[in-house]
Amino acid sequence: MTFDHTTTEPLLSIRNVARRFSIPQGLLKPPKVLNAVNGIDLDVAPGEIVGIVGESGCGKSTLGRIVTGLMPASEGTILLGGRDVSTIPRLELARLVQPIFQDPYSSLNPRRSIAGTVAEPLHIHGIGESSKRFEKAVEMLDRVGLPSRFANHFPSQLSGGQRQRVAIARALILNPQLIVCDEPTSALDVSVQSQILNLLMELRRDFKLTYLFISHNLAVVEHIADRVGVMYLGRIAEMAPAPDLFAAPRHPYSQALLNSVLTPEPGAGVPDIGLRGTFPDPLNPPAGCVFHPRCPREFGPCSSRVPALLPADSGQGSGQVACHLANPEFSSPTEPLHVA
Ligand SMILES: Nc1ncnc2c1ncn2[C@@H]1O[C@H](COP(=O)(O)OP(=O)(O)OP(=O)(O)O)[C@@H](O)[C@H]1O
Ligand SMILES: [Mg+2]
């Protein structure tokens with residue numbers, strides 16, 4: 001699906017968002033600051049699926065937690081339907097934005113029936129008569145592919161894919177506008193992954209949902225996302241419509257990432273993506289472009305100036321790239337940024 005970002009008011013608007021963590025260095029040393037996300041600008045149109053990809057530790061989940069209201073930003077603003085989320089009361093925000101996480105087992109109460117689990121948000125938010133809540137939960141379970149005979153089952157009686165369907169039903173029961181999916185299929189068998197992805201796409205259409213879809217699995221993101229943001233060390237390196245990114249990545253990091261096969265296990269370490277140097281220490285990030293020590297195209301300004309996320313191809317395409325090679329202000333000593 002394509003969205004006209006020049007005319008559509010974004011549902012989600014992220015402006016210059018940063019999140020810093022203070023990391024203790026032992027008794028005698030002062031703590032260090034870790035910029036988990038830094039200078040993030042991102043708009044998501046209503047009905048759009050925006051994928052966020054990048055290696056382990058690049059800040060995907062931190063960004064997702066900030067958007068969901070589970071963690072405050074250290075800097076910047078997040079607007080949802082034009083309203084600053086930091087001013088939206090917590091319960092109201094939970095009705096508007098719902099998360100779906102990787103591991104449905106740890107997010108489901110093992111002692112609560114699945115219909116009870118799905119009905120719980122209605123109870124917390126005081127929505128509907130109590131006698132109708134169970135009925136509504138059963139309807140939602142049916143909608144996500146779990147017929148009524150499952151209603152009184154417990155999470156331990158379900159497969160991983162079925163548990164993720166329960167988590168999806170619970171996320172949708174409050175009729176949210178935005179769903180933040182953080183690796184929603186990474187714990188599932190490959191065959192089940194595509195069923196869940198297809199379900200999420202059907203639900204987007206039927207419930208007019210918008211997704212921020214975090215994954216380090218490029219194939220999954222290519223399948224589901226309309227646009228994709230590639231993150232590296234807390235920053236967005238490139239943002240582009242999914243078909244454009246996968247056909248012709250612009251940023252040298254996106255090119256390396258797409259040439260690699262990322263590990264299907266989040267948190268299982270940084271894959272070798274064939275670049276020089278190693279993944280930088282986030283406590284001592286490189287100056288200038290954070291990617292420059294590993295970049296095969298590094299030149300003049302890269303080690304000292306942070307590249308802004310600017311329209312790629314002199315604004316002719318709809319993508320944006322944070323790379324000095326794409327900035328007409330600098331004339332590169334090598335060829336200009338081109339299609340890989
Ligand atoms: N609560 C925290 N306290 C301190 N550091 C944190 C905290 N949460 C995240 N970080 C650090 O912030 C950086 C980004 O972490 P984050 O979990 O957002 O990465 P990610 O892209 O989701 O990685 P993965 O693919 O492994 O899930 C990492 O360096 C991580 O160690
Ligand atoms: Mg994560």
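Below is a table of values for the structure above.
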{"item": "In the range 88-161, GluC sites (Glu not before Pro) in a DSSP loop with at most 15 other beta-carbon atoms within 10 Å", "result": "GLU129"}
{"item": "Distant-in-sequence amide H partners of GLN177 (H built 1.01 Å from N, under 5 Å)", "result": "VAL97"}
{"item": "Simple label model, 7 Å out from Cα along Cβ direction - ASP103 to SER260, nm", "result": "2.4 nm"}
{"item": "Residues whose placed amide H lies under 5 Å from that of VAL228, excluding near-sequence neighbours", "result": "GLY51, ALA240, ALA242"}
{"item": "Expected 222 nm ellipticity per residue - DSSP helices of 4 or more, -39500 (n - 2.57), all of the chain, to 500", "result": "-8500 deg cm²/dmol"}
{"item": "Rg in Å to one decimal, and Dmax rounded to a whole Å, for the chain via C-alpha atoms", "result": "21.0, 71"}
{"item": "Integer Hz, Karplus 6.51/-1.76/1.60 couplings in order for the range 51-61, x for Gly and Pro", "result": "x, 10, 10, x, 5, 3, x, 7, x, 4, 5"}
{"item": "Per-residue Cβ neighbour rank within 10 angstrom, fewest leading, ASP142, ASP226", "result": "ASP142, ASP226"}
{"item": "Cα centroid separation, the range 4-28 to the range 83-116 (Å)", "result": "20 Å"}
{"item": "Relative exposure of VAL306, VAL290, judged by other C-beta atoms within 10 Å (fewest first)", "result": "VAL306, VAL290"}
{"item": "Positive dipole terminus of the chain, leading residue within LEU257, PHE279, SER130 (C-beta point charges)", "result": "SER130"}
{"item": "Where a label projected 7 Å from the Cα of LEU79 along Cα→Cβ would reach, residues of the range 1-32 with amide N under 11 Å", "result": "9-15"}
{"item": "P(r) histogram, all alpha-carbon pairs of the range 15-104 included - 10 Å bins from 0, percent", "result": "14, 44, 31, 9, 2, 0"}
{"item": "For the range 108-171, the fraction of alpha-carbon pairs in successive 10 Å shells from zero, as %", "result": "26, 59, 15, 0"}
{"item": "Cα-based Rg of the range 161-259 normalised by 2.2 N^0.38 Å, two decimals", "result": "1.13"}
{"item": "Fewest-first ranking of ASP4, ASP41, ASP281, using other Cβ atoms within 10 Å as the exposure measure", "result": "ASP4, ASP281, ASP41"}
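Read-outs: derived from the displayed coordinates by stated rules, not from any lab. As the structure is a prediction and not an experimental result, all values here were calculated from the model. FYI the Cβ positions are ideal-geometry reconstructions off the backbone, even for glycines, and counts take in every protein chain you see.
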